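These notes are about the structure you will find just below.
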Amino acid sequence: MRPIRFGLHIFNGDFQRARRSVLLAEQLAYHSISFDDHLLPAKTPGARIPQFECFTMLAWMASITRRVRLVPTVGCMSFRNPALLAKMFTTLDHISGGRITVGIGAGWLRNEYEAYGYRYPPTAERIAQLGEGVKVMKAMWTQLEPSFSGRYFRIDKAVNLPEPIQKPHPPIMIGGTDLRTLRIIAQDADMMSFFTHTLSMAELKRRLEIVRTMAAQAGRNPDDIEVSAMVKVYPAASAAESAALAERVAREITTGNFKPRLPGAEAARGAPALLIGTVEEIKRAIRVRIEELGCTYFKLILPSDQFAATFASEIMPEFT
């Protein structure tokens with residue numbers, strides 16, 4: 001079993017808050033800091049809410065830290081040519097002294113594509129582009145004169161110097177639970193990342209077994225692929241508050257921008273990407289995800305810096 005690690009997801013849109021959280025993560029010994037790659041706010045489409053660009057922010061975060069790893073969660077393959085993206089990750093690897101993790105995904109938020117003038121391909125095409133893009137980036141990082149010719153991307157001796165600090169390349173984390181994405185993970189990823197409110201624990205466990213099977217079929221050791229999660233944490237001070245909070249979270253998710261998905265409090269508590277309750281309840285929920293899913297890396301969306309400190313002092317020591 002790998003060591004259990006916790007990362008702090010940094011709130012987008014408030015620069016001073018981001019600075020405080022980044023420095024706090026470094027101080028409190030979080031493993032990583034992560035930042036979303038959206039051009040518009042994902043939760044409230046159409047709202048006029050500040051949103052910073054991911055990779056520029058990661059470069060800044062690298063410059064004010066010395067220890068924590070940096071993770072885009074996750075970089076959208078559609079927004080940047082993968083050869084350029086490989087160069088950007090290489091540059092971030094040098095800026096950070098070898099602390100960048102290559103978080104990437106197929107993209108999904110249609111309104112930001114349309115607002116910024118990107119074509120929004122069907123899901124199958126976006127996932128196929130992700131698969132080709134990963135191969136382009138790996139070629140850029142490991143070959144002297146990398147070339148690739150695919151349906152969507154092409155490079156011809158796209159020399160990438162300097163090479164990344166991390167060898168053979170920075171670790172690749174691919175986000176998604178679609179079966180087509182899982183095949184890409186099985187073939188090329190060092191980590192898979194899930195952020196799902198809709199799949200049950202049993203269904204997610206089944207899909208993780210599919211990844212392992214496909215990895216073995218591709219000639220890889222399935223244990224080489226780490227399971228990571230983006231989880232949103234809803235802390236409560238008491239059992240009564242916890243019960244009310246679980247009910248509220250279920251209602252919010254079913255009546256918000258998502259389609260109706262969570263039928264009640266127990267479904268909310270059982271959603272793989274939600275952690276709801278008191279400190280002890282959160283500890284138990286983390287333990288379930290470790291034991292049931294083999295998840296060893298949790299990227300936490302926390303409500304405040306104050307609870308980030310509480311999590312670090314009262315929950316992390318039990319696992320680290």
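Nothing in this text is a laboratory measurement; each read-out follows from the coordinates by a stated rule. The shown structure was predicted, so the numbers you read here are calculated from the model rather than taken from an experiment. All Cβ positions, even for glycine, are placed from backbone atoms using ideal geometry, and neighbour counts span all protein chains on display.
Results, tabulated for the structure shown:
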read-out: Contact order relative to length of the chain, as percent, for alpha carbon pairs under 8 angstrom and 6 or more apart; value: 17
read-out: For segment 211-257 and segment 132-193, distance of Cα centres in Å; value: 26
read-out: Lysines with Cα under 26 Å of K232, excluding same-chain neighbours fewer than 8 positions away; value: K43, K205, K259, K283, K299
read-out: Per-residue [θ]222 nm for the chain (sum of -39500 (n - 2.57) over DSSP H runs n ≥ 4, rounded to 500); value: -13500 deg cm²/dmol
read-out: Full-stretch length increase - E280, Y116 - with 0.36 nm per residue and alpha-carbon distance subtracted; value: 54.6 nm
read-out: Kyte-Doolittle mean at least -1.0, axial Cα span of 20 Å or more - DSSP H helices of the chain; value: 123-142, 201-217, 239-255, 279-293
read-out: Anisotropy class of segment 61-115 from Cα gyration tensor, a/c 1.5 cut; value: prolate
read-out: For segment 74-180: relative contact order, % (alpha-carbon pairs under 8 angstrom, 6 or more apart); value: 37
read-out: Cα shape, segment 219-313, gyration tensor, a/c 1.5 rule; value: oblate
read-out: Set of aspartates and glutamates near K167 by C-alpha distance (under 12 Å), chain-local residues within fewer than 8 positions excluded; value: D93
read-out: Two-site label geometry, R287 and D190: point separation in nm, points 7 Å out along Cα→Cβ; value: 3.1
read-out: Segment A244-R154, length gained on full extension (0.36 nm per residue, minus Cα span); value: 27.1 nm
read-out: Fluctuation leader among I174, I49, I127 - the chain, Gaussian network, Cα springs under 10 angstrom; value: I49
read-out: Trypsin sites (Lys or Arg not before Pro) restricted to DSSP loop in segment 37-116 with at most 14 other C-beta within 10 Å; value: K43, R48, R66, R67
read-out: Potential lengthening between T44 and R180 on full extension [0.36 nm per residue; Cα-Cα distance subtracted]; value: 46.2 nm
read-out: Within a Gaussian network of the chain (alpha carbon springs, distance under 10 Å), most fluctuating of P235, P222, P263; value: P263
read-out: Whole-Å semi-axes of the chain's equivalent ellipsoid (Cα gyration tensor); value: 31, 22, 21
read-out: Radius of gyration and Dmax over the Cα atoms of segment 167-222, both given in Å; value: 11.4, 36
read-out: Sorted peptide list for 113-126, 24-37, criterion being average Cβ within 10 angstrom, highest first; value: 24-37, 113-126
read-out: Cα convex hull of segment 1-114, projected area averaged across orientations, nm²; value: 7.8
